Amino acid sequence: MSRSVIVLALVAPLSLVLACAGDDGGRDSASSAGVITTASASNGGATASTDGSSTTEGDSDSDSGGSASGSTGDDTTGAMTTTTTGATTEPTTSGTTTTTTTSTTGTSTSTTDAPTSTGDTTGVMEECETDLVGVVRDFQSSHPDFEAEISAEKGIVAAQLGGDHKPVYAGGGGTVTTHGEANFNQWYNDVQGVNQALEVTIPLSDNGMGAFVFDSAAFFPIDGQGFGNEGNSHNYHFTLELHTKFKYEGGEVFKFTGDDDLFVFVNGVLAIDLGGVHGPMSGEVNMDAQAAQLGISVGGEYTLDFFFAERHTTESNFHIETTIACFEVIPG
């Protein structure tokens with residue numbers, strides 16, 4: 001199977017994210033500044049309080065004019081090149097982008113048990129990288145949950161991550177911006193004919209002030225790929241999921257500003273909920289302040305699972321900032 005890769009040169013301001021990766025990619029045991037790469041995959045601005053609350057800037061995602069904090073323009077992307085690689089690690093060569101999709105029937109399940117500290121307190125994360133690697137899934141604007149209602153809303157997903165490491169829909173028959181469990185479950189699962197999956201790499205840059213950052217006021221990592229731009233200037237309809245692990249040393253903070261939906265789970269517990277279709281909103285996880293809620297303790301290693309959705313024209317803001325010194329990427 002061929003694997004398509006896109007590289008976008010971005011300018012990262014002084015206030016965004018950090019990540020490092022380990023050696024085994026296991027769930028038990030992401031640094032070139034401003035570069036996004038994407039490749040086809042086969043499977044499947046305001047600040048916030050330290051208690052997980054969020055603030056919003058702008059009334060909607062449609063021509064609101066808002067941007068993520070630290071953004072300096074409407075489009076921070078530079079020249080873009082597309083290459084195609086085979087299924088091996090041979091050097092990339094110019095070619096035509098190819099996208100492959102597969103279907104899945106996985107269904108998320110949830111538990112209401114109180115969170116417990118399940119991290120490995122003895123393991124050592126041997127390697128640190130500055131790239132976060134995840135999966136982007138492209139959708140068509142005709143999907144019921146895309147290019148529809150505009151509203152910020154919490155409670156779209158349950159407080160506990162599902163057993164399949166996916167968010168569990170909590171909207172019953174539907175919410176203001178979502179249209180039932182079956183449609184939502186397509187967001188982060190490969191469904192042939194409904195979405196197309198591509199791998200994406202998001203590099204984090206050291207801002208020199210103790211934080212690692214990625215920032216884009218024009219986050220369009222799959223322009224011209226998947227179902228294409230559908231007559232728009234960008235491909236506005238996609239989701240992104242990242243699965244990582246980190247060692248809790250004490251004092252770590254993870255922040256995000258952007259649009260639209262963003263759900264962050266730490267140790268399987270919902271820590272940031274910026275659901276809905278809206279202008280840039282901000283959320284924050286303060287590991288120390290929320291340790292009891294998250295079931296974490298200093299010295300343990302814990303998962304951080306990240307789920308994003310861009311569901312409406314005409315903006316896409318994406319800003320990560322964290323003091324976590326090392327992320328291990330978990331294939332997801």
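Considering only the stretch 126-177, state which residues are hydroxyl-bearing (Ser, Thr, Tyr), over 16 Å from the mean Cα position of the chain (by Cα) and in a loop (DSSP other than H, G, I, E, B).
Once the filter is applied, which keeps residues that are hydroxyl-bearing (Ser, Thr, Tyr), over 16 Å from the mean Cα position of the chain (by Cα) and in a loop (DSSP other than H, G, I, E, B), the stretch 126-177 yields Ser141, Ser142, Thr175, Thr177.
Of the residues Val168, Val191, Val200, Val253, which is on the phi < 0 side of the Ramachandran plot, at pLDDT 95 or above and open to solvent by less than 10 Å² (accessible area, probe 1.4 Å)? Steps first, please.
Working: Val168 fails: open to solvent by less than 10 Å² (accessible area, probe 1.4 Å); Val191 fails: open to solvent by less than 10 Å² (accessible area, probe 1.4 Å); Val253 fails: open to solvent by less than 10 Å² (accessible area, probe 1.4 Å).
From the options Val168, Val191, Val200, Val253, the qualifying one is Val200.
Going by the structure shown, is Val264 open to solvent by less than 10 Å² (accessible area, probe 1.4 Å) and of a type in the set (Val, Ile, Thr)?
Working: open to solvent by less than 10 Å² (accessible area, probe 1.4 Å): yes; of a type in the set (Val, Ile, Thr): yes.
So Val264 passes the test.
Determine which single condition Met209 fails, assuming it passes every other condition in (1) crowded, with 21+ Cβ neighbours inside 10 Å; (2) in a loop (DSSP other than H, G, I, E, B); (3) among the hydrophobic types (A, V, I, L, M, F, W, C).
With respect to (1) crowded, with 21+ Cβ neighbours inside 10 Å; (2) in a loop (DSSP other than H, G, I, E, B); (3) among the hydrophobic types (A, V, I, L, M, F, W, C), Met209 is out only on (1).
Evaluate the stretch 288-297: report whether one residue or more is open to solvent by less than 10 Å² (accessible area, probe 1.4 Å) and assigned to a strand (DSSP E or B).
No: zero hits.
Restricting the stretch 212-227 to residues that are in contact with an Asp or Glu (Cβ under 9 Å, 6 or more places away or on another chain) and in a loop (DSSP other than H, G, I, E, B), which is farthest from Phe327 (Cα to Cα)?
Per the criteria, the residue is Phe227.
Taking the stated definitions as given, is Phe238 of a type in the set (Phe, Trp, Tyr) and within 28 Å of Glu149 (Cα to Cα)?
Against the criterion (of a type in the set (Phe, Trp, Tyr) and within 28 Å of Glu149 (Cα to Cα)), Phe238 qualifies.
The values are calculated or read from the model by the stated rules, or taken from the named source; none is laboratory data. Model, not experiment: these values are computed from the prediction. Heads up, the Cβs are rebuilt from the backbone with ideal geometry, glycines too, and the neighbour counts pull from every protein chain shown. Protein only, heavy atoms only, side chains kept; ligands, DNA and RNA dropped before computing areas. Shrake-Rupley method; radii C 1.70, N 1.55, O 1.52, S 1.80 Å.
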